[in-house]
Amino acid sequence: MTIPKIQNNVITFSSGKRYKMPEAHEDYCYEFNNLIFLILGDLEDIARNIWCFDQEGNKLWEIEPSSARYPYHLLDVDKQGRLYARDQTGANYAIELETGYIEFLGGDKYAGAEWPNTLIRQRREERLKTEK
């Protein structure tokens with residue numbers, strides 16, 4: 001398992017696959033469970049700024065936008081091996097490793113998780129309809 005090399009916004013995987021990515025930086029590149037996660041800046045859709053790749057450099061998914069559509073800026077793994085992200089409002093999300101789907105867990109601006117998770121599911125359904 002190796003973290004790809006990142007130089008001048010070009011990411012090079014061990015397979016030789018290369019991508020030019022906006023605001024790519026080694027400090028925001030993580031390896032977990034044989035997957036590579038990049039937190040990117042300056043994307044057209046700033047709310048989908050975490051991308052997941054396999055070790056060969058095949059892109060598997062882009063994270064779903066947070067409920068507030070703010071970019072994510074932190075990834076964390078707990079002792080049970082679950083992946084979490086935090087957006088710029090301080091809201092926390094659980095990330096499904098296989099799909100990039102998220103679930104709102106809580107944050108400073110929301111009293112409960114029901115409304116944000118309903119919004120997230122609606123956006124997911126709308127996006128999946130347009131991707132068919």
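Each Lys and Arg contributes +1 and each Asp and Glu -1, all at the Cβ; summed about the Cα centre of the chain, the dipole is approximately 240 debye. Under 5 Å between amide hydrogens, built in the peptide plane, is the criterion, and for LYS5 it picks out THR12 among residues at least 5 positions away or on other chains.
If you count Lys pairs in the chain whose Cα atoms are under 24 Å apart, skipping same-chain pairs closer than 8 places in sequence, the total is 7. Helix 114-131 and the longest principal axis of the C-alpha atoms of the chain enclose an angle of approximately 50°. Each other residue within a Cβ distance under 13 Å of LEU75 adds +1 if Lys or Arg and -1 if Asp or Glu, for a net charge of -3.
Summary of the geometry: the range 54-132 and the range 17-34, compared by the centres of their Cα atoms, lie 18 Å apart. Only one residue of ASN34, THR99, VAL77 has its Cα farthest out toward the positive end of the dipole of the range 1-124, where Lys and Arg carry +1 and Asp and Glu -1 on Cβ, and that residue is THR99. When the trypsin sites (Lys or Arg not before Pro) in the range 63-128 are filtered for DSSP coil states and for at most 12 other beta-carbon atoms within 10 Å of their beta-carbon, the remaining sites are LYS79, ARG82, LYS109.
Taking the alpha carbon gyration tensor of the chain, multiplying each eigenvalue by 5 and rooting it gives semi-axes of 26, 16, 14 Å, largest first.
So if we plug the beta-carbon distance of ASP54 and VAL77 into 1/(1 + (r/R0)^6) with R0 = 25 Å, what FRET efficiency do we get, rounded to 0.05? Please report the intermediate quantities before stating the final value.
Working: r = 17 Å, r/R0 = 0.70.
Efficiency, from the Cβ-Cβ distance: 0.90.
So how do GLU96, GLU64 line up by other beta-carbon neighbours within 10 Å, fewest first?
On the way: GLU96 14, GLU64 22.
Fewest-to-most Cβ neighbours within 10 Å comes out as GLU96, GLU64.
Residues TRP61, TRP51, TRP115 in ascending order of nearby Cβ atoms (within 10 Å, fewest first): TRP115, TRP61, TRP51.
Coordinate-derived values only; no laboratory data. This is a predicted model, so every value here is computed, not measured. Positions of Cβ are generated from backbone atoms using ideal geometry, with glycine treated the same way; all protein chains shown enter the neighbour counts.
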